[in-house]
Every structure is written in structure tokens, then in C-alpha cells.
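Enquirer: Here it is: the structure, laid out below.
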Amino acid sequence: MKGLLTKDFLTVKKKYGIARLIMDLAIIAALMIILEGAGSIYISFLLVPLEIASMIITLANSDEQWKWSKYAVALPLSKKQIVTSRYAFAGIGAVIGLCVALVVNTISYFCFPAYRYGFYLFLSVASFCIVLLFLAFILPSNYWMGVNAGFAVMFILIILLVVLGIWSKVTDNAIMGFIVEQFDLS
């Protein structure tokens, strides 16, 4: 399993590279500067889940493109171990996304202290939960119907998240507003 995780990490490193990391950091910095306090919300709820989901889609796409399934049968590994390895990689990616959200929200707290620090911690944990929710739909659809289904599921989930955000803004029924107003209760 260690070898499969290494393969996944090397694939992500090859496909994304340092340029993608610099681009992501520039996007994070731009959102934090332009949107100030709200930037951490957009980063936590859109950018982090999108990046983790796109990494998983990229891995599945690379495996399909490189015909990994033909090589996998030659390995002394079961299908269960291969799938478990991908889920482990997704879990590691979700934890990395949680760390990124924690760093962004901590910076936002010190630069734009609009709320108590507990709220920013809540944003990070909520981001982690959204990433796990995305992965819970994307990974099975990748294995069940292929990479295109996983991409379609990711696209639908992002659209639903944006529509939910717009609806909550328009109708003033935002859960975030309730959490800010009733943080101790929450």
C-alpha cells in the first residue's frame, strides 16, 4: 500500500508541479487581499474542496490514461488494497486541505478580526467536512462509472454549493449568520 500511495503522490507531483502550487498560493493571497475577511470563507468552501476533488479526478484520469489497471493485475495486490490506497490518499488530501484552511483562517483572524477565533476554527472544520462529502460522492462514482462520472459529480457538487451560497445570501437564511450570532449555542 505504501507503494501505491507513493505512486499517487508522484502522479500528483508530476501533474500539478510547483507552478500549480504557486498559482494556488497567488489565488489565496489575491482572495484574501481583495475580499478581506470574506476571503477565508471562499477559500475554505470553494477553493479547498475544488482542489482536493480535482486532485482525485486527476489521479483517476491518469490511471485511466496510463492504463494502470493492466499493470495492477501484475502486482501482488488485491483490488481492495488498491481502492483502500486511493481512499487513504483522498483522506490525506482532506487533512492537507484542513491544514490549509486552518492556516488561511488563522491569517484571516489576525489580519481581519471580524469574528472570534472559534468561528474561524469552525470554518476550517466545515471545509474539511465538505471535502469529505465531495470525496464520498466522487470516489465511488469514479470506480462505478469512470472518470467522467467523477468529474460530473464534482461539477454538480460545486454548482450546488454555489447555488446554496447565493440562495442563503439572497434570502438571508445563512447558517453562517446563525453561527456568528449564536456562536456559544452552536
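The values are calculated or read from the model by the stated rules, or taken from the named source; none is laboratory data. All of these numbers come straight from a predicted model, not from anything done at the bench. All Cβ positions, even for glycine, are placed from backbone atoms using ideal geometry, and neighbour counts span all protein chains on display. Surface areas here come from the heavy atoms of the whole protein model, side chains and all, with no ligands, DNA or RNA. Shrake-Rupley method; radii C 1.70, N 1.55, O 1.52, S 1.80 Å.
Enquirer: Mind telling me which of the residues Ala53, Ala30, Ala72 ends up being among the small types (Gly, Ala, Ser), without any contact (Cβ under 8 Å) to a residue 40 or more places away in the chain and closer than 19 Å to Thr6 by Cα?
Expert: Numbers: Ala53 fails: without any contact (Cβ under 8 Å) to a residue 40 or more places away in the chain; Ala30 fails: closer than 19 Å to Thr6 by Cα.
Only one candidate qualifies: Ala72.
Enquirer: Can you tell me which residue among Phe110, Phe128, Phe137 is in a helix (DSSP H, G or I), open to solvent by 10 Å² or more (accessible area, probe 1.4 Å), over 20 Å from Ile52 (Cβ atoms) and modelled with pLDDT of 85 or more?
Expert: Exactly one of Phe110, Phe128, Phe137 is in a helix (DSSP H, G or I), open to solvent by 10 Å² or more (accessible area, probe 1.4 Å), over 20 Å from Ile52 (Cβ atoms) and modelled with pLDDT of 85 or more, namely Phe110.
Enquirer: Here is a follow-up. Select the helices (runs of 4 or more DSSP H) contained entirely in segment 20-95, then report the ones holding at least 3 residues which are open to solvent by less than 30 Å² (accessible area, probe 1.4 Å). Working first, answer last.
Expert: Details: elements: 39-42, 48-65, 68-72.
Ranges flagged: 48-65.
Enquirer: Here's something else I'd like to know. Would you confirm whether any residue within segment 144-161 is closer than 15 Å to Phe45 by Cβ and at pLDDT below 80?
Expert: Here is the first cut: in segment 144-161, the ones closer than 15 Å to Phe45 by Cβ are 154, 157-161.
If we keep only those that are at pLDDT below 80 too, we end up with 161.
Yes, segment 144-161 contains at least one residue that is closer than 15 Å to Phe45 by Cβ and at pLDDT below 80.
Enquirer: Moving to a separate point now. Are there any pairs with C-beta distances below 6 angstrom linking a residue in segment 137-163 that is closer than 21 Å to Ile82 by Cβ to a residue that is part of a helix (DSSP H, G or I) and open to solvent by 80 Å² or more (accessible area, probe 1.4 Å), with the two at least 6 apart or on different chains, and if so which?
Expert: Val147/Glu64; Val153/Phe137
Enquirer: Filter segment 113-125 down to residues that are in contact (Cβ under 8 Å) with a residue 60 or more places away in the chain and assigned to a helix (DSSP H, G or I), then give me how many there are.
Expert: The total comes to 6.
Enquirer: Take the conditions part of a helix (DSSP H, G or I), among the hydrophobic types (A, V, I, L, M, F, W, C) and under 15 Å from the mean Cα position of the chain (by Cα) and apply them to Ala101. Does it pass? It would help to see each step written out before you state the result.
Expert: Values: part of a helix (DSSP H, G or I): yes; among the hydrophobic types (A, V, I, L, M, F, W, C): yes; under 15 Å from the mean Cα position of the chain (by Cα): yes.
The answer is yes for Ala101.
Enquirer: Considering (1) surrounded by 13 or more Cβ atoms within 10 Å (Cβ to Cβ); (2) modelled with pLDDT of 80 or more; (3) closer than 26 Å to Leu10 by Cβ, say which one Phe119 fails and leave the rest.
Expert: (3)
Enquirer: Let me ask you something else. Working only within segment 30-56, note down all residues that are under 18 Å from the mean Cα position of the chain (by Cα), of a type in the set (Val, Ile, Thr) and farther than 14 Å from Leu123 by Cβ.
Expert: Result: Ile52, Ile56.
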